[in-house]
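**Q** The structure follows.
Since every read-out is calculated from the coordinates, none of them should be taken as a lab result. Everything quoted here is computed from the prediction, not taken from an experiment. Note that each Cβ is placed from the backbone with ideal geometry, even for glycine, and that neighbours are counted across all protein chains shown.
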Amino acid sequence: MFYIEKGNVMSDFIPVNEPLLNGNEKKYLNECIDTGWISSEGPFVKRFEDSFAKKVNRKYGIAVANGTAALDIAVEALGIGEGDEVILPTFTIISCIHQIIRSGATPVLVDSDPNTWNMDISQIEEKITIKTKAIMVVHIYGLPVDIDPILELAIKYNLKIIEDAAEMIGQSYKGNPCGSFGDLSTFSFYPNKHITTGEGGMVLTDDEELAEKCRSMRNLCFQRKQRFVHDKLGWNYRMTNLQAALGLAQLEQLESFVDKKRTIGKTYTKLLKGIKEIQLPLEKTDYAENIYWVYGIVLKDDIPFDAKEAMQKLGKQGIGTRPFFWPMHLQPVLLENNLFQGEKYPVAERISKRGFYIPSGLGLDDFKIEKVVIILQQILHE
């Protein structure tokens, strides 16, 4: 252990995330360049789709431009539209709600579980109406949602399931891969994810018809018989061969990345568990062990400042941070459109104001983790 005097940070800034690119990334990217296959028509796209789908025990993979694109396509593929309702957590990224609103459907929110920070599954059934068409399950930060009870509700009420597993690459629920549940599952390969393509995403399904719909929508809905003729409106959400090459190289290292993430998380917990002023992420539940996509902490109420001020203090000491998600029912753009008027979700409101995550990237070593912990202790006790 080492010590850092207040206001005297001598080492470099520690970013909140750093990807690792130490496998076949250069080899595969050079192959793209050498062959001239850099567009979405290149062979790495299909290889990445097939390999990723197999990893998650799915039949079909549809690579797209980013995680938001994956969600857009999933909502559209299920035919969600005007008059429908979709249940999802308020505590999530706004990407989850984009296409629900644009389709004319109504998002219906539930609060968060105070321990896992995932959607509170006990609130779902009371929100189901005759208009409910789907439940969007969003796994948060490192632990999956307890999904079995939700699947039972889907059967009981004949509902569709969209599983947003963007933060769960390599995670499992009761021994089955996250992303293997529901009608469609979506992923993101942004640089802070367990594997990255720079920007990129994936839709997975076991339904051949849904897979074909997703492929069409990511490619402007060209008619199969004649290009540049369209019966529907889609998007240009294609993934390039360059991105897919990077993703395939990253996927080959997934198990080692997951092991390292868990080691980072366990090291943080060991060093931070004596600090009573903060809530740490759960190490495990009865259905999953934390994968620590990010290492989040929540300031308890006896700390006289909120997450925003804590992050400012850490930033001045050379520690990168990110805030927790800001709830959907507090988003100005949604309130301006008369959504969620007067709705309250106290758990999500509290953790969004008092929660943030500290450096959690694959580039962390023990020295950097110890530095983060010491400076965090200093700002909490100054």
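**Q** Calculate one ³J(HN,Hα) per residue across region 132-147 by plugging θ = phi - 60° into the Karplus curve 6.51 cos²θ - 1.76 cosθ + 1.60, and present them in order as whole Hz with x for glycine and proline.
**A** With coefficients 6.51, -1.76 and 1.60, one gets 5, 10, 8, 10, 9, 8, 10, 7, 10, 6, x, 10, x, 5, 6, 8 Hz.
**Q** Filter Lys46/Lys260; Lys26/Lys193; Lys46/Lys193 down to the pairs with a C-alpha to C-alpha distance above 23 Å, please.
**A** Numbers: Lys46/Lys260 28 Å; Lys26/Lys193 19 Å; Lys46/Lys193 21 Å.
Table pairs above 23 Å Cα-Cα are Lys46/Lys260.
**Q** Please return the longest range in the chain lying between exposed loop sites, taking chymotrypsin sites (Phe, Trp or Tyr not before Pro), DSSP loop only, at most 12 other beta-carbon atoms within 10 Å, and leaving the sites out. Each step should come with its number before you reach the end.
**A** Numbers: sites that count: Phe2, Tyr3, Phe13, Phe228.
Segment 14-227 is the longest.
**Q** Apply the a/c threshold of 1.5 to the C-alpha gyration tensor of region 252-325 and tell me whether it is rounded, prolate or oblate. Don't skip to the answer; put the middle values down first.
**A** Working: a/c = 2.29, a/b = 1.57, b/c = 1.46.
Prolate shape, in that a/c is at least 1.5 and a/b is the bigger ratio.
**Q** Additional query: Once Lys and Arg get +1 and Asp and Glu get -1 on their Cβ, which of Ser256, Ile379, Trp326 lies farthest toward the positive end of the dipole of region 254-381?
**A** It is Ile379, whose Cα lies furthest towards the positive end.
**Q** Same structure again: In deg cm²/dmol, rounded to 500, what helix-only [θ] at 222 nm does the chain give when every DSSP H run of at least 4 residues adds -39500 (n - 2.57) and the total is split over its residues?
**A** After summing the helix terms and dividing by residue count, I get -10500 deg cm²/dmol.
**Q** Determine the sum of side-chain charges near Glu343: Lys and Arg each +1, Asp and Glu each -1, restricted to other residues whose C-beta is under 12 angstrom from that of Glu343.
**A** Numbers: positive: Lys127, Lys344; negative: Asp111, Glu349.
So the surrounding residues net to 0.
**Q** Please compute the Kirkwood hydrodynamic radius over the chain, one decimal place, Å, based on all pairs of different Cα atoms.
**A** On the way: mean 1/r = 0.0461 Å⁻¹.
When all Cα pairs of the chain are included, the Kirkwood radius is 21.7 Å.
**Q** Compute the orientation-averaged projected area for region 25-251 from the convex hull of its Cα atoms and round it to one decimal in nm². Provide the component values of the computation, followed by the final result.
**A** Values: hull surface 49.5 nm².
It is 12.4 nm².
**Q** For region 145-249, compute Rh as the Kirkwood radius over C-alpha pairs and then the Stokes-Einstein diffusion coefficient at 4 °C and 1.567 mPa s; write the answer in µm²/s, rounded to an integer. Intermediate results must be reported in sequence, preceding the final value.
**A** Numbers: Rh = 15.5 Å.
In µm²/s, the coefficient is 84.
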